[in-house]
Amino acid sequence: MIPYILGVDTETTGLEVDNGDKIIEIALIKYDLDGAKLEEFVQRIDPERNIDPKAQAVHGISYSDLIGCPKFVDIAEEVASIVNHASLLVAHNFAFDGPFIATELKRAGMTPKKVSSFCTMEYGRWATFDGKYPKLADLCFSLGVEYDALAAHAASYDVDVMMQCFFKARERGFFQVEV
């Protein structure tokens, strides 16, 4: 199997995975070690629960948008296979996305494998003037990656611009990560 870096993003029903919030959209996009996109897995998911209005205001996905979508258990095997075979997982706020994916896999009866991860938010503090965690838009701005605020908070768009930033920052020496 060819080694790959996996760009990861989720949109969720809310912020509290421990209080039953669930993934409603997931993007898992494979890249080769040089940054070429290899394959995409992007799926909306029926969470079988309501979406917090504050979360919906961010991502714009309503429960009616998810009618007819698979439940996470229906895609869990494919998600586990993609995640478990990655050389590195990259997310902007991995402390959010990682636990959501792990919890959803556990709910589906699967054991997530421990895979190395890299958080562009955590390691991107150099992108802000005050050293705070950057928003994805801040990271894009600092690296000259075009950012469309209207397209943001769609999982596949966020992965796309995040990974452009990841590879540019890695090339320029801002992100030190071995794959």
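The values are calculated or read from the model by the stated rules, or taken from the named source; none is laboratory data. Note that the structure is predicted; figures quoted are calculated from it, not measured. Glycine gets a Cβ as well: all are built from the backbone with ideal geometry, and neighbour counts include every protein chain shown.
So which pairs qualify, if the first residue must be in the range 37-58 and closer than 18 Å to Gly14 by Cα, the second must be of a type outside the set (Ser, Thr, Tyr) and part of a helix (DSSP H, G or I), the Cβ gap must be under 6 Å, and the two must be at least 6 apart or on different chains? Cβ pairs passing all conditions: Gln43/Ile75; Arg44/Leu66; Ile45/Phe72; Asp46/Leu66.
Against the list (1) modelled with pLDDT under 95; (2) over 21 Å from Val83 (Cβ atoms), the condition Asp138 fails is (1). Every condition in (1) under 16 Å from Ile23 (Cα atoms); (2) in contact (Cβ under 8 Å) with a residue 40 or more places away in the chain holds for Ser87 except the one numbered (1).
Every residue, every condition in (1) assigned to a strand (DSSP E or B); (2) farther than 20 Å from Met121 by Cβ; (3) within 18 Å of the chain's Cα centre (by Cα), yes or no:
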position: Asp21; (1), (2), (3): no, no, yes
position: Glu25; (1), (2), (3): yes, no, yes
position: Asp34; (1), (2), (3): no, yes, no
position: Leu38; (1), (2), (3): yes, yes, yes
position: Val42; (1), (2), (3): yes, yes, yes
position: Arg49; (1), (2), (3): no, yes, no
position: Lys54; (1), (2), (3): no, no, no
position: Val58; (1), (2), (3): no, no, yes
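Taken over the range 27-50, the criterion of being surrounded by fewer than 20 Cβ atoms within 10 Å (Cβ to Cβ) and aromatic (Phe, Trp, Tyr) is satisfied by Phe41 alone.
Considering the range 95-125, the residues that are without any contact (Cβ under 8 Å) to a residue 40 or more places away in the chain and in contact with a Phe, Trp or Tyr (Cβ under 8 Å, 6 or more places away or on another chain) include one that is farthest from Pro47 (Cα to Cα), namely Arg125.
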